[in-house]
């Protein structure tokens with residue numbers, strides 16, 4: 001088996017162990033000889049830092065969990081995921097990611113354990129990016145199955161994503177009343193000064209540079225998130241005639 005394209009070539013860290021490693025033993029074992037494990041020393045303890053490989057593998061595991069949420073996996077869903085992988089990552093990575101996904105769909109995923117492993121080893125900005133991509137894929141067919149959205153909500157909670165941040169991302173895809181305000185995590189009653197502060201805070205939180213360590217493949221969806229924040233702010237400015 002060839003290298004797992006750019007993800008595996010960039011090295012793996014925390015996904016070698018724990019429930020993720022157990023789920024993907026065959027795939028990860030195939031790459032041990034050609035993969036660099038990234039470690040850092042912090043306070044005398046050896047820790048891993050998030051790499052594109054860690055993020056990519058974690059993403060595929062969570063996609064499998066969402067796809068299995070309603071008890072069935074449709075060919076159309078696999079086709080949507082394949083197109084997403086192709087558009088975001090190119091043919092080499094897409095093919096091997098899809099192969100990994102198909103294998104995972106046949107397994108029971110210990111989701112709570114997987115999410116704990118991700119939460120304990122992955123930075124918050126990268127975890128936000130995982131939730132954004134899960135919604136991106138769920139929205140591919142322009143339908144939102146209740147079982148899938150509830151699964152994404154559960155995953156967000158297990159990953160330690162705040163309710164406000166989850167609702168912000170959700171409203172980028174499933175707009176509710178006052179969606180622009182929800183994206184900025186403020187109430188409609190917020191003052192102009194509060195709105196400006198909220199926009200600056202959210203623009204900083206969702207700036208693509210926050211996940212630059214994940215590589216260009218994952219920066220694309222980070223830019224989508226950043227764009228949604230700016231569009232929400234522009235809509236509020238027009239509504240309130242803010243200069």
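The values are calculated or read from the model by the stated rules, or taken from the named source; none is laboratory data. Everything numeric here is computed off the predicted structure, so don't read it as measured data. Quick reminder, even Gly has a Cβ in these numbers, built from the backbone with ideal geometry, and neighbours come from all protein chains shown.
Residue count for segment 155-173, restricted to those that are out of contact with any helix residue (DSSP H, G or I) (no Cβ under 7 Å at 6 or more places or on another chain) and over 21 Å from residue 111 (Cα atoms): 1.
Can you confirm whether segment 108-116 contains a residue that is exposed (fewer than 13 other Cβ atoms within 10 Å of the Cβ), part of a helix (DSSP H, G or I), in contact (Cβ under 8 Å) with a residue 40 or more places away in the chain and out of contact with any strand residue (DSSP E or B) (no Cβ under 7 Å at 6 or more places or on another chain)? The answer is yes, given that some residue of segment 108-116 is exposed (fewer than 13 other Cβ atoms within 10 Å of the Cβ), part of a helix (DSSP H, G or I), in contact (Cβ under 8 Å) with a residue 40 or more places away in the chain and out of contact with any strand residue (DSSP E or B) (no Cβ under 7 Å at 6 or more places or on another chain). Is it the case that segment 158-172 has a residue that's at pLDDT below 95, in a helix (DSSP H, G or I) and over 20 Å from residue 124 (Cα atoms)? No, because not a single residue in segment 158-172 is at pLDDT below 95, in a helix (DSSP H, G or I) and over 20 Å from residue 124 (Cα atoms).
Annotation: residue 186 fulfils all but one of (1) buried (at least 21 other Cβ atoms within 10 Å of the Cβ); (2) in a helix (DSSP H, G or I); the unmet one is (2).
From the list 223, 148, exactly one residue is modelled with pLDDT under 95, surrounded by fewer than 15 Cβ atoms within 10 Å (Cβ to Cβ), under 22 Å from residue 59 (Cβ atoms) and touching a helix residue (DSSP H, G or I) at 6+ places or on another chain (Cβ under 6 Å). Which is it?
On the way: 148 fails: surrounded by fewer than 15 Cβ atoms within 10 Å (Cβ to Cβ).
Selected residue: 223, the only one of 223, 148 that is modelled with pLDDT under 95, surrounded by fewer than 15 Cβ atoms within 10 Å (Cβ to Cβ), under 22 Å from residue 59 (Cβ atoms) and touching a helix residue (DSSP H, G or I) at 6+ places or on another chain (Cβ under 6 Å).
Just checking, how many residues over segment 75-106 are farther than 21 Å from residue 213 by Cβ, part of a loop (DSSP other than H, G, I, E, B) and modelled with pLDDT under 85? So the answer is 0.
Here residue 72 qualifies as modelled with pLDDT under 80 and within 26 Å of residue 150 (Cβ to Cβ). For residue 136, the criteria (1) surrounded by 17 or more Cβ atoms within 10 Å (Cβ to Cβ); (2) assigned to a loop (DSSP other than H, G, I, E, B) hold in every case but one, which is (2).
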